[in-house]
1. Exactly one condition in (1) more than 16 Å from the ligand (Cβ to nearest atom); (2) under 17 Å from the mean Cα position of the chain (by Cα) is not met by residue 247; state its number.
2. From the list 333, 315, 301, pick out the single residue that is free of Cβ contacts under 8 Å to residues at least 12 places away in the same chain and in a loop (DSSP other than H, G, I, E, B).
3. Kindly indicate whether residue 348 is modelled with pLDDT of 95 or more, within 20 Å of the chain's Cα centre (by Cα), within 16 Å of the ligand (Cβ to nearest atom) and in the same structural domain as residue 467 (by TED's automatic domain parsing).
4. In segment 281-290, what count of residues is obtained for those that are more than 13 Å from residue 326 (Cβ to Cβ) and crowded, with 19+ Cβ neighbours inside 10 Å?
5. What is the one condition in (1) in the same structural domain as residue 350 (by TED's automatic domain parsing); (2) within 16 Å of the ligand (Cβ to nearest atom); (3) in a loop (DSSP other than H, G, I, E, B) that residue 422 does not satisfy?
6. Just checking, how many residues over segment 205-226 are buried (at least 20 other Cβ atoms within 10 Å of the Cβ) and part of a helix (DSSP H, G or I)?
7. Would you mention how many residues in segment 375-392 are within 14 Å of the ligand (Cβ to nearest atom), at pLDDT 90 or above and either in a loop (DSSP other than H, G, I, E, B) or crowded, with 20+ Cβ neighbours inside 10 Å (or both)?
8. Would you confirm whether any residue within segment 144-152 is touching a residue at least 40 places away in the same chain (Cβ under 8 Å), assigned to a helix (DSSP H, G or I) and within 36 Å of the chain's Cα centre (by Cα)?
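The values are calculated or read from the model by the stated rules, or taken from the named source; none is laboratory data. The shown structure was predicted, so the numbers you read here are calculated from the model rather than taken from an experiment. In this analysis, Cβ positions are derived from the backbone assuming ideal geometry, glycine residues included, and neighbour counts consider all displayed protein chains.
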Ligand code: XMP
């Protein structure tokens, strides 16, 4: 047994000392950062792979703003693959393999398909996938009662403008504008439908230059995997579906079975971008990077809903954990960026995590209240809130077990409840509207932070950062105080 006498520090224990700055305006600074050895993001922010934080809507919104969302893994492989596909379809000039309906289907069937796929319109095709029309919710809404079939309700092909696969965004924009259209089906030489271009996608591609996109203009997305049986198959299916990043995420990542899994994944998918974690020590970071991880996720117990430190007595305060991981990697000569996962409550915490050496930050609870997080808001004590739950909480564990056993989540099974030792809690967070607004605040704070640090970019911030340990009086002084908040 031994005891370290140097204190472990977290975000609230320190402040950054301001430095002489050449920065005149916040717009002069560059907030892009490395996500893995070879991937870069326009903003250094990831959404957490938790079932109350990241499914496809959140992942798409974060990627549009220049970050990246990591889909949680507590669903079947088929469901997770569908989630990847939904992000990939959410943006790109052309949606490939758009949803279609046969001309012979009924209006009710078309409506059901639109609801199932969460889209406002479908391309109508014949048995050979040739374009015969377009049907939208508006067509159905306004159709007189005697109209029963899709063929009757649709706009027929000779009234539709379609384009070939090589159309550019400028050409598509001109056609959409000239004909006052919403959608342009893309057909090949044989007249078969191969894609769909919507006016929204054209505008997005043109205006969102900061968005995180792949070579085909589609949004980037990460997906979490575990170490259990069948997880190699999950990884393979996710990569096949277009996932840009695999995140091997287990509670105690510095475990032999996690290191072995990283090695197996590296051997099986040499070109895949692979993140591994979570760890909180120099040795943990080094071992996962040596095994082949392209980035290391750091954080044992700092999360808002985590009780690991209380339940097990283990953990490292997050600022120290980040610094130790960065030290371990650099001393071993390993070039794997660090993702600081958990505990970020403010843009100030984001700046501190990056200044301590993290290249990106993963966020859970700050995003759980957003519109794009899974689940609907509810009213609690007159306030609009959304639910967040730790992935090791009782509710999440029972939910997973129920899903595995095909049971109702609410089924009372005393024996099962007794077996769970939760390391997380369920809670509510205020409803916060769209995540783009939170990101705007976080990135605005980061830009200001760089200017206080006299740094043009995150790497420069890290080189020059000087932290000052503060006392509880310093913490009190740092927030608004001695005033009544309105
Ligand atoms: P924040 O503070 O952003 O943290 O909400 C999100 C991170 O918390 C971790 N996480 C957990 N940790 N028990 C834990 O000890 C849990 O049940 C749990 N669920 C999530 C996770 O790393 C996430 O990204």
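1. Only one criterion is unmet by residue 247, namely (1).
2. On the way: 315 fails: free of Cβ contacts under 8 Å to residues at least 12 places away in the same chain; 301 fails: free of Cβ contacts under 8 Å to residues at least 12 places away in the same chain.
Just a single option satisfies the conditions, and that option is 333.
3. Answer is no for this residue.
4. Adding up the residues that qualify gives 2.
5. (1)
6. So the count comes out to 1.
7. 5
8. no
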